[in-house]
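Single-structure report; data block below.
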2 protein chains.
Amino acid sequence: MVTTKMQIPDLTDPALAQRLQHKLDHKTKPLGSLGRLEALALQIGLVLGTEMPVLEQPQLVVFAGDHGLAARGVSAYPSDVTWQMVENFLAGGAAVSVLARQHGLALTVVDCGVARDVAPRERLLVRKIAPGTADSSTGPAMSAAQCEQAIANGRAIVQALPGNALLLGEMGIGNTSAASLLLARLTGHELSECVGAGTGLDKAGIERKRKVLREVLAFHAQAVAPLEALAAFGGFEIATMAGAVLEAAAQRRVIVVDGFISSAAVLVAQRLAPAVTQRCVFSHRSGECGHALMLRHLGPTAQEPARALLDLGLRLGEGSGAALAWPLLVSACALLREMASFESAGVSGPA
Amino acid sequence: MVTTKMQIPDLTDPALAQRLQHKLDHKTKPLGSLGRLEALALQIGLVLGTEMPVLEQPQLVVFAGDHGLAARGVSAYPSDVTWQMVENFLAGGAAVSVLARQHGLALTVVDCGVARDVAPRERLLVRKIAPGTADSSTGPAMSAAQCEQAIANGRAIVQALPGNALLLGEMGIGNTSAASLLLARLTGHELSECVGAGTGLDKAGIERKRKVLREVLAFHAQAVAPLEALAAFGGFEIATMAGAVLEAAAQRRVIVVDGFISSAAVLVAQRLAPAVTQRCVFSHRSGECGHALMLRHLGPTAQEPARALLDLGLRLGEGSGAALAWPLLVSACALLREMASFESAGVSGPA
C-alpha cells in the first residue's frame, strides 16, 4: 500500500528547542513554575517551527461510522445512535457542538461509513466507504482496498481544511471494541486489560464484550501488520482518522487527540510513521479502561509514555476532551509570546 | 471579633440538586460520561441557585503583600520581587496578565501590604495595612486589629466588584512560609509535611526554611484559633483574601481557588464559616509540597477531600491556575444550558 511508505520527518531541531527553552526560562516566573504548560509550549513551538507560535483556524473534525460487530451486543446503545448523534452534532446540541462554539473551533462532521444516509448539510462531509463495517467476528471489518480508501479520504480532508491545528473527534456505536482490539493486537497487551465499559456496560456486559472480542482477536490471528489489523477490526471512522493524523503530521499541524478511540487511530498512524506522536497533544486521560495503557505507547519517543493534560473521568468521545483541553494549548502559546522576561520587566532573579 | 461571627448558610437544596442531576442525566451522552464536569456543573448550579447558570463578569483579584519573615531567608527571591511583580501584573507582562486577557477576566491588583509604595494605576487598589508584615519569628506578623482590618478590606473589595465569580490570585515573597504555618497549625499536620520549595529552593534551602518555620511555629504555640494563627503568621494578602472569600461566599459567588497560598486563605475562612468551601472550585493541585495535604481539608463536607480540576505541576501562584481552569467552569455551565436532551434530539437511549 502507498500509505505504508509515508515518511514523517523527525521534529528534532536542537537549536530551536534551546531557544524556546531559554525563552521559557527567562520569563517572569520561577524556573519551571508553569509546569507542564512549559513542555506544551516547547512542543507546539517545535511543531510549528517558531518561537512565536500562534494556533490558527483550529479544525475539530468528528469522524463517524458504524460497526458490524455492534450486532453482537458489544455496546450498551443501538447502532441507530450513530446517525442520531451525527444529526445532533450538526444541529448544535451535542457536547462537542457546545464546546466547539465556546472555543471558536470550526466543527466538521465526516460520514465515514454511517449505516444510515444523512441528508447533506453544511459542515457535513460524506466520505462513506460503506454503510457500516462488516461484522469482524465472521470476517474482516473492511477490505484492504476500503481501508486504503478511508486513509486516503482522511488525508484529503485535512488537505482541504485551513489552519495549523487539528482536533480529533469520533462517533460510532461499537468503536471502543475496535479500539480495544487494535490496542491488544498492536501492543501485545492482554485483551482483558484493553476492554472497558464503553458507553456504560455493566459488569456482565463487559464480560460478554470481552468474550466476543476474544473470539474476534483469535479469528484474525494473522492480522498483525498495522493496516491488516485496522482492516480486520475497523472501523471506517478510525481508518479515516488515521489518514487525517498522517496528513496533519506531514503538514506539521498540531494534533489534539481526544480519548480512547482517537488514540487508537494515532496508534495505527504511529506504527506507520513513528514521528507522528511528536505532533500529538493528548488532551485527556479517558475514564475508559485501556486508555491509560494505550497512552504508554504513544509518547514522543519509544522510551517515554504520553502524558495527557486533563484527567477528569471523561468517557464521551466526540472530541469533547480535545475541545475542553484546547484553551490550555492557546494559553501555552500566549504565555510564550506575551509574557515579559525578567530583563524586560525589571524583575530581580533569585537572590 | 465581628468577623468570627459570620454566618454562611449551607447550600443544601435537595430539590434543586435533584433537578440539576436529572437534567444532566438526560443530556445526549452516556450517563456520567462527562465525568467531573458534571459534578462541577451541579456545584455551580447550586451556588448560583439555578438550572441555567451563567458566569458573569468574572473578577480575578491578585492580593499582594510582603512578609517580614522573608528577611530570614525563607525564599529563593528577594522581597523586592513583590512590588516588581505588581508592576508586571499592571503592565500586562505576567503570566496572570496574559491568561486574564485570554479569558476575558477582569484583573484587579490589591496592595494589601507591599513593602514599597506602588504608584496609583487603573486596576490597582491600595488597601495597604502596613509596608509588609512584621517578622513572625520575633512576634506576631500583624496585630489583631490589623488582621481584622485586612479581612474587612477583603470583604469591601468584593462588595464593590460586579459579577458572580471571584478568582483568587496572590503575590508575596515569603508567603508559602505563612501558608505552611497556617496549614500546620490549623490542621495539626507535621510541619515538615507542610513545607516545600516555594519559588524554587534547593534541598538545603528547604531544610533551612523548615528550621526557621519550626521556630516560628513554636514561638506562637498559643495562636491556635484561626484568626490568632492568621495574625501570628500573616500575611496581609492572605488575611485580605480570607475576607474576600467570606464575602464572596456570603453573596453566593463562585470562588475559584488558585494554589497553595489562596487555599490557605480558604482554610482560614473555612474555620470561621465551614460552608464557604461549598462555593469553592479548586482549580489545580499545585506542585508545591503541602497543597495536596491542604486539599484534603477543604472538601465540601468534612468527610470529603477537595478535588482539584487540573494537575499540571503548576507552582506559580498569581491566580495563574485559577485562570487556566476557568474555561472548564464556563464549559460546565454551557453544557448544562445548551446540550440537547435525548428527548429533544430524538436520540435513542441504551438498548
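Take the conditions open to solvent by 10 Å² or more (accessible area, probe 1.4 Å), within 14 Å of chain B (Cβ to nearest Cβ), more than 27 Å from A:G174 (Cα to Cα) and free of Cβ contacts under 8 Å to residues at least 40 places away in the same chain and apply them to A:E304. Does it pass? First the steps, then the outcome.
Working: open to solvent by 10 Å² or more (accessible area, probe 1.4 Å): yes; within 14 Å of chain B (Cβ to nearest Cβ): no; more than 27 Å from A:G174 (Cα to Cα): yes; free of Cβ contacts under 8 Å to residues at least 40 places away in the same chain: yes.
For A:E304, the condition - open to solvent by 10 Å² or more (accessible area, probe 1.4 Å), within 14 Å of chain B (Cβ to nearest Cβ), more than 27 Å from A:G174 (Cα to Cα) and free of Cβ contacts under 8 Å to residues at least 40 places away in the same chain - is not met.
Restricting to segment B:327-351, and then to whatever is open to solvent by less than 10 Å² (accessible area, probe 1.4 Å) and more than 7 Å from chain A (Cβ to nearest Cβ), can you tell me which residue is farthest from A:N88 (Cα to Cα)?
B:L329
Looking at segment A:334-351 only, could you name the residues that are out of contact with any Gly (no Cβ under 8 Å at 6 or more places or on another chain), closer than 16 Å to A:L40 by Cα and not basic (K, R)?
Passing the criteria: A:A334, A:L335.
In this structure, is A:T4 open to solvent by 20 Å² or more (accessible area, probe 1.4 Å), of a type outside the set (D, E, K, R) and modelled with pLDDT under 95?
On the way: open to solvent by 20 Å² or more (accessible area, probe 1.4 Å): yes; of a type outside the set (D, E, K, R): yes; modelled with pLDDT under 95: yes.
When the stated conditions are applied, A:T4 passes them.
Considering only segment B:76-99, state which residues are more than 7 Å from every other protein chain (Cβ to nearest Cβ) and hydroxyl-bearing (S, T, Y).
Across segment B:76-99, the qualifying residues are B:S79, B:T82, B:S97.
Please name all residue pairs, on different chains or six or more residues apart, with Cβ atoms under 6 Å, provided the first residue is in segment A:102-113 and is of a type in the set (S, T, N, Q) and the second residue is surrounded by fewer than 19 Cβ atoms within 10 Å (Cβ to Cβ).
A:T108/A:R123
Among the residues of segment A:20-35 satisfying the criterion of being part of a helix (DSSP H, G or I) and open to solvent by less than 20 Å² (accessible area, probe 1.4 Å), which is nearest to the other protein chains (Cβ to nearest Cβ)?
Going through segment A:20-35, the residues part of a helix (DSSP H, G or I) turn out to be A:20-25.
Filter once more, so that each one left must be open to solvent by less than 20 Å² (accessible area, probe 1.4 Å): A:20, A:24.
Values: A:L20: 17, A:L24: 11 Å.
Once the filter is applied, the top-ranked residue is A:L24.
Hey, can you tell me all the residues within segment B:310-319 that are more than 7 Å from chain A (Cβ to nearest Cβ) and touching a residue at least 40 places away in the same chain (Cβ under 8 Å)? Even if it seems obvious, please write down each step before you answer.
Filtering segment B:310-319 for residues more than 7 Å from chain A (Cβ to nearest Cβ) gives B:310, B:317-319.
B:G317, B:E318, B:G319 - these are the residues of segment B:310-319 that are more than 7 Å from chain A (Cβ to nearest Cβ) and touching a residue at least 40 places away in the same chain (Cβ under 8 Å).
Would you kindly identify the helices (runs of 4 or more DSSP H) lying entirely within segment A:165-231 that contain at least 3 residues that are in the same structural domain as A:L107 (by TED's automatic domain parsing), surrounded by 20 or more Cβ atoms within 10 Å (Cβ to Cβ) and not hydrophobic (A, V, I, L, M, F, W, C)? Give the steps one after another, and end with the answer.
Numbers: elements: A:175-187, A:191-194, A:203-219.
Answer list for segment A:165-231: A:175-187.
Out of all the residues in segment A:276-298, is one or more open to solvent by 10 Å² or more (accessible area, probe 1.4 Å), assigned to a helix (DSSP H, G or I), in the same structural domain as A:S177 (by TED's automatic domain parsing) and not hydrophobic (A, V, I, L, M, F, W, C)?
Looking for residues that are open to solvent by 10 Å² or more (accessible area, probe 1.4 Å), assigned to a helix (DSSP H, G or I), in the same structural domain as A:S177 (by TED's automatic domain parsing) and not hydrophobic (A, V, I, L, M, F, W, C), one finds at least one in segment A:276-298, hence yes.
The values are calculated or read from the model by the stated rules, or taken from the named source; none is laboratory data. None of these values were measured; they are calculated from a predicted model. Don't worry about glycine lacking a Cβ; one is built from the backbone with ideal geometry, like all the others, and counts go over all protein chains shown. Remember, those area values only see protein heavy atoms, side chains included, never the ligands or the DNA or RNA. Shrake-Rupley method; radii C 1.70, N 1.55, O 1.52, S 1.80 Å.
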